[in-house]
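For reference, the structure discussed in these notes is given below.
The values are calculated or read from the model by the stated rules, or taken from the named source; none is laboratory data. Owing to the predicted nature of the structure, the values given are computational and were not obtained by experimental measurement. Counting neighbours? That spans all protein chains shown, and the Cβs are built from the backbone with ideal geometry, glycine included. Quick note on the areas: whole protein, heavy atoms, side chains included, nothing else; ligands and nucleic acids left out. Shrake-Rupley method; radii C 1.70, N 1.55, O 1.52, S 1.80 Å.
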Amino acid sequence: MLTGYRAWLWLILLCAALYLPGIASMPAMDRDESRFMQASRQMAQTGDVIRIRFLDEARNKKPAGIHWMQASTVTALSSPESTALWPYRVPSVLGALVAVLFTFALGLLFLDRRGAFLAAALLASSFLLVFEAHVAKTDAALLAAIMAAQYALAKVYLEWLSGGVAGWRPALLFWTALAVGIMIKGPIPAIVVFLTLAALAVTDRRTRFWDGLRPMVGVPLLLTIAVPWYLAIILADDTFIREAAGRDFFGKLLTGQEQHWGPPGAYTLLLLATFAPASLLVWPALRWSWIWRREAMVKFCLCWALPFWLALELTPTKLPHYILPIYPALALLIAMAVQAAEAGEFRWLRHWATRLFYIACLLIFGGFTVGMFLLPIITGDGFVGVGLIPIFAFLAVSAYTVPCLWRGEIRKALLVSAFATPLVFAPVYSAVAPAVSTIWMSREIGAKVQALDLPTDVKLYATGYTEPSLAFYLGSRLMLLSPWQIGNALPKKGWLAVVGHTALPEFRTAMSKRGVTLKSVGTIFGFNYSRGRQAAVTLYRPAAD
């Protein structure tokens, strides 16, 4: 089954089944995804590939790499004026796929094909990577760049351990991938890679393997790829460094930004859900890995995962996707531990406590599938029939994998769990979640505005409800203003205002003072999940229109 090209094909099919359902039907998510998409749309509309803007403001947070990718796919597959979401998400889908394939390739350096395949399948089916493949952000594409660099580094390291010197290809791949990663998310890929290098140097007490990376050629190559845009943006906007490095990067290192503070240990707890189903065996695998930490690839994966993991736990700002770069290393460690258990070298993986932990985790996952089925019913959006598929899939998989695990057939249980995850995620992303209209207020507002069939010269304003997804659905002509600003800015006619209920009294007062008579053309009720509260939005036009 896994000989030749078949393993690669199976992984591609698994990724397609996991990542493609829902990329067109899932509404624009607040807040990061909508900001990325709108900024990429404006880049495609204006042709300005240097400056990144969200509506009329500079967005000096991340480099332009992901926006170049998204603008390219939108231009090639759709148009910037369209509200189709899937073209913006194509780079994330491809990034997740590339990361999975590089994980398989890295596993082949020191595992048999069955072990490498297991690691890649566990990464592909992990909850966090499936989610990131469905959203137009940086993290899936960033993981692809990090995986390419780590694959090249592992190849150089193993060649050095065997007494040889790696050729030019791994070195060129390493520096190119690192440069691409820096263009996607600044210093993050360099931190992951160089923490790995530093940890290997400390544990080996030698650094000569670095020579195989050919830094005298690689560093100039990296600078040639990454530096031109950074120079161009600094010349175009001298606030970029202060905002991107000072407020965004170092701000997150020193304080819990944007209400995302978390205590040390938060990622350890989140791992249970975000790395599922592989999270079932993370802790037994780490225990085995520490016992065998002197083995070359066990050491490599530990030096990759632990320093970055520890750094994240000590950082005040906590977001679930920050830990994604270590998931391939954890998947590889699990695959190695499973292989050791099959060879009789690690009996604790078959211990009764591990089996009970597996069952407890299954109950948590079962609660997730039931919760997703009930969500549209609870919110009043109605019964979604395909929501039953994840429940039946969970019951069937549990009935099969629990006996497998009890018999010690760990690999079979994990592979069945990984390849069954599309039966859970595909209905959720393609039908169940999009059906919950209550939480997709911007989508409903966009549909309402489109139904009004307004002339193209009508100006659009919003106050009281200014989520970034609203900008994506209403387009670049939207202006986000405070109630007093909108009250003074609106002309006598030729506009439509989106007014949240919290801003309604002030808006009405301002318009009344100006003698403008308002006409309501629709009200949308829902739940603003970004702020965690109920919301109502009313659309107004001047009665003169």
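Can you tell me which residue in segment 191-238 is nearest to I146 (Cα to Cα), limited to those that are open to solvent by 20 Å² or more (accessible area, probe 1.4 Å) and of a type in the set (S, T, N, Q)?
T224
Yes or no, residue by residue, for (1) surrounded by 13 or more Cβ atoms within 10 Å (Cβ to Cβ); (2) more than 35 Å from the chain's Cα centre (by Cα); (3) of a type in the set (S, T, N, Q); (4) at pLDDT below 85:
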| site | (1), (2), (3), (4) |
| --- | --- |
| A503 | yes, no, no, no |
| E506 | yes, yes, no, no |
| V516 | yes, yes, no, yes |
| K519 | no, yes, no, no |
| V537 | yes, no, no, no |
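Step by step: first the residues of segment 170-205, then only those that are aliphatic (A, V, I, L, M) and touching a Ser or Thr at 6+ places or on another chain (Cβ under 7 Å), then the one that is nearest to K299 (Cα to Cα). Which residue is that? Outline the logic, then answer.
Let us first name the residues in segment 170-205 that are aliphatic (A, V, I, L, M), namely 171-173, 177-180, 182-184, 188, 190-193, 195, 197-202.
Still in the running and touching a Ser or Thr at 6+ places or on another chain (Cβ under 7 Å): 184, 201.
On the way: I184: 28, A201: 11 Å.
Here the answer is A201.
Looking for whichever is surrounded by 24 or more Cβ atoms within 10 Å (Cβ to Cβ), of a type outside the set (S, T, N, Q) and in contact with a helix residue (DSSP H, G or I) (Cβ under 7 Å, 6 or more places away or on another chain) here; the options are L173, L142. Which one fits?
Numbers: L173 fails: surrounded by 24 or more Cβ atoms within 10 Å (Cβ to Cβ).
Step by step, each of L173, L142 is checked, and only L142 is surrounded by 24 or more Cβ atoms within 10 Å (Cβ to Cβ), of a type outside the set (S, T, N, Q) and in contact with a helix residue (DSSP H, G or I) (Cβ under 7 Å, 6 or more places away or on another chain).
Would you be able to tell me the number of residues in segment 392-430 that are aromatic (F, W, Y) and open to solvent by less than 40 Å² (accessible area, probe 1.4 Å)?
Initially, segment 392-430 is screened for residues aromatic (F, W, Y), giving 392, 394, 400, 406, 419, 425, 429.
Within this subset, residues satisfying the condition of being open to solvent by less than 40 Å² (accessible area, probe 1.4 Å) are 425, 429.
Summing the residues that are aromatic (F, W, Y) and open to solvent by less than 40 Å² (accessible area, probe 1.4 Å) in segment 392-430 gives 2.
Out of I377, I359, I389, I364, I need the residue that is open to solvent by 40 Å² or more (accessible area, probe 1.4 Å), at pLDDT below 80, assigned to a helix (DSSP H, G or I) and farther than 20 Å from R287 by Cα. Which one? Explain how you work it out, then say what you get.
Details: I377 fails: at pLDDT below 80; I359 fails: farther than 20 Å from R287 by Cα; I389 fails: at pLDDT below 80.
When all the criteria are applied, what remains is I364.
Just the residues that are open to solvent by 10 Å² or more (accessible area, probe 1.4 Å) and modelled with pLDDT of 95 or more, please, taken from segment 149-167.
Correct list: Y151 only.
Pick from segment 402-412 the residues that are in a helix (DSSP H, G or I) and without any contact (Cβ under 8 Å) to a residue 40 or more places away in the chain: which of them is farthest from L122 (Cα to Cα)?
Residues of segment 402-412 that are in a helix (DSSP H, G or I), as a first pass: 402-406, 410-412.
Of the ones still in play, those that are also without any contact (Cβ under 8 Å) to a residue 40 or more places away in the chain are 403-404, 412.
Numbers: P403: 20, C404: 17, K412: 12 Å.
Checked segment 402-412; the qualifying residue farthest from L122 (Cα to Cα) is P403.
Looking at A177, A190, A198, A152 in this structure, which one is within 16 Å of W304 (Cβ to Cβ) and without any contact (Cβ under 8 Å) to a residue 24 or more places away in the chain?
On the way: A177 fails: without any contact (Cβ under 8 Å) to a residue 24 or more places away in the chain; A198 fails: without any contact (Cβ under 8 Å) to a residue 24 or more places away in the chain; A152 fails: without any contact (Cβ under 8 Å) to a residue 24 or more places away in the chain.
So the residue among A177, A190, A198, A152 that is within 16 Å of W304 (Cβ to Cβ) and without any contact (Cβ under 8 Å) to a residue 24 or more places away in the chain is A190.
For residues in segment 309-356 being open to solvent by less than 10 Å² (accessible area, probe 1.4 Å) and of a type in the set (S, T, N, Q), which is modelled with the highest pLDDT?
T317
Residue check, G4 against (1) under 30 Å from A105 (Cα atoms); (2) touching a helix residue (DSSP H, G or I) at 6+ places or on another chain (Cβ under 8 Å), all met but one. Which one?
Here G4 clears every test but (2).
Please specify each residue of segment 440-465 satisfying the condition of being in a helix (DSSP H, G or I) and open to solvent by 30 Å² or more (accessible area, probe 1.4 Å).
R443, E444, A447, K448, Q450, A451, L452
When both residues are 6+ apart or on different chains and their Cβ atoms are under 8 Å apart, which pairs have a first residue that lies in segment 91-104 and is farther than 17 Å from L9 by Cβ and without any contact (Cβ under 8 Å) to a residue 12 or more places away in the chain, and a second that is part of a helix (DSSP H, G or I) and of a type in the set (D, E, K, R)?
Filtered contacts from segment 91-104: no entries.
Check every one of the helices (runs of 4 or more DSSP H) wholly within segment 264-323 and list those with 1 or more residues that are touching a residue at least 60 places away in the same chain (Cβ under 8 Å) and touching a Pro at 6+ places or on another chain (Cβ under 6 Å). Lay out the reasoning, then the answer.
Details: elements: 266-274, 282-291, 296-314.
Helices (runs of 4 or more DSSP H) meeting the threshold: 266-274.
For the list (1) modelled with pLDDT of 85 or more; (2) under 30 Å from L123 (Cβ atoms); (3) touching an Asp or Glu at 6+ places or on another chain (Cβ under 8 Å), I need the number of the one condition that S430 fails.
(3)
Those residues that are under 17 Å from M183 (Cα atoms) and either of a type in the set (A, V, I, L, M) or part of a loop (DSSP other than H, G, I, E, B) (or both), I need them from segment 38-60; list them, please.
Narrowing segment 38-60 to residues under 17 Å from M183 (Cα atoms): 39-40, 43, 48-53, 59-60.
Hits for segment 38-60 are A39, M43, D48, V49, I50, R51, I52, R59, N60.
Condition test on T103, is it among the hydroxyl-bearing types (S, T, Y), touching a Leu at 6+ places or on another chain (Cβ under 9 Å), crowded, with 21+ Cβ neighbours inside 10 Å and in a helix (DSSP H, G or I)?
Numbers: among the hydroxyl-bearing types (S, T, Y): yes; touching a Leu at 6+ places or on another chain (Cβ under 9 Å): yes; crowded, with 21+ Cβ neighbours inside 10 Å: yes; in a helix (DSSP H, G or I): yes.
It is true that T103 is among the hydroxyl-bearing types (S, T, Y), touching a Leu at 6+ places or on another chain (Cβ under 9 Å), crowded, with 21+ Cβ neighbours inside 10 Å and in a helix (DSSP H, G or I).
Among what's in segment 113-139 and is farther than 17 Å from A16 by Cα, of a type in the set (D, E, K, R) and assigned to a helix (DSSP H, G or I), pick the residue that is least open to solvent (accessible area, probe 1.4 Å).
Filtering segment 113-139 for residues that are farther than 17 Å from A16 by Cα, of a type in the set (D, E, K, R) and assigned to a helix (DSSP H, G or I), the one least open to solvent (accessible area, probe 1.4 Å) comes out as D139.
Given the options S437, S476, S482, S469, name the one that is over 30 Å from G387 (Cα atoms) and crowded, with 18+ Cβ neighbours inside 10 Å. Please lay out each step first, then the result.
Values: S437 fails: over 30 Å from G387 (Cα atoms); S482 fails: crowded, with 18+ Cβ neighbours inside 10 Å; S469 fails: over 30 Å from G387 (Cα atoms).
The unique qualifying residue is S476.
State yes or no: is R51 more than 30 Å from K412 (Cα to Cα) and in contact (Cβ under 8 Å) with a residue 12 or more places away in the chain?
Numbers: more than 30 Å from K412 (Cα to Cα): yes; in contact (Cβ under 8 Å) with a residue 12 or more places away in the chain: yes.
It is true that R51 is more than 30 Å from K412 (Cα to Cα) and in contact (Cβ under 8 Å) with a residue 12 or more places away in the chain.
Could you list, in sequence order, the residues of segment 4-37 that are open to solvent by 20 Å² or more (accessible area, probe 1.4 Å) and in a loop (DSSP other than H, G, I, E, B)? Give the derivation first.
As a first pass, look at segment 4-37 and keep what is open to solvent by 20 Å² or more (accessible area, probe 1.4 Å): 4-6, 8-10, 12-13, 16-17, 20-21, 24-25, 29-32, 35.
The answer is G4, Y5, L20, P21, A24, S25, M29, D30, R31.
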